[in-house]
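Engineer: Let me give you the structure first, and then I'll get to my questions.
A short reminder: the numbers here are calculations on the coordinates, not readings from a lab. Just so we're clear, the structure is a prediction, and the values are computed from it rather than from any experiment. Reconstructed Cβ throughout: ideal geometry from the backbone, glycine too, with neighbour counts over all protein chains shown.
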Amino acid sequence: MLFIVAALLLLGVVLGSAAHLPLPVTLAAGGAIALWLLIFVARERLSNRKA
């Protein structure tokens, strides 16, 4: 639960600062976050198959 609260707080900070960043920087940060989430999903699926 604490992780969700921290993630939402971080999301608010990132979205707030994204309004002040140039578009290429915002897109690069979004791409990095999307890649991190894809890696996380892949790792979770692989760990669930083993268990």
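Engineer: Using Cα atoms only, what is the angle between the long axis of helix 2-18 and the major principal axis of the chain, expressed in degrees (0 to 90) to the nearest 10?
Structural biologist: That helix lies at roughly 30 degrees to the long axis.
Engineer: I've got another one for you. Suppose R0 equals 25 Å; then what is the FRET efficiency for A19 and N48 from their Cβ-Cβ distance, rounded to the nearest 0.05? Could the numbers behind the result be given before it?
Structural biologist: Values: r = 37 Å, r/R0 = 1.49.
Between A19 and N48 the formula returns 0.10.
Engineer: Once fully extended, how much extra length lies between T26 and F3, figured as 0.36 nm per residue of separation less the alpha-carbon to alpha-carbon distance?
Structural biologist: Working it through step by step, the gained length comes to 5.9 nm.
Engineer: Which of rounded, prolate, oblate describes the chain, given a ≥ b ≥ c as roots of the alpha-carbon gyration tensor eigenvalues and a/c under 1.5 marking rounded, otherwise prolate only if a/b is larger than b/c? Please report the intermediate quantities before stating the final value.
Structural biologist: On the way: a/c = 7.39, a/b = 1.72, b/c = 4.30.
The shape class here is oblate.
Engineer: Would you kindly derive the ³J(HN,Hα) couplings of region 29-34 from the backbone phi angles with the Karplus curve 6.51 cos²θ - 1.76 cosθ + 1.60 (θ = phi - 60°), listing them in order in whole Hz, with x for Gly and Pro?
Structural biologist: 5, x, x, 5, 5, 4
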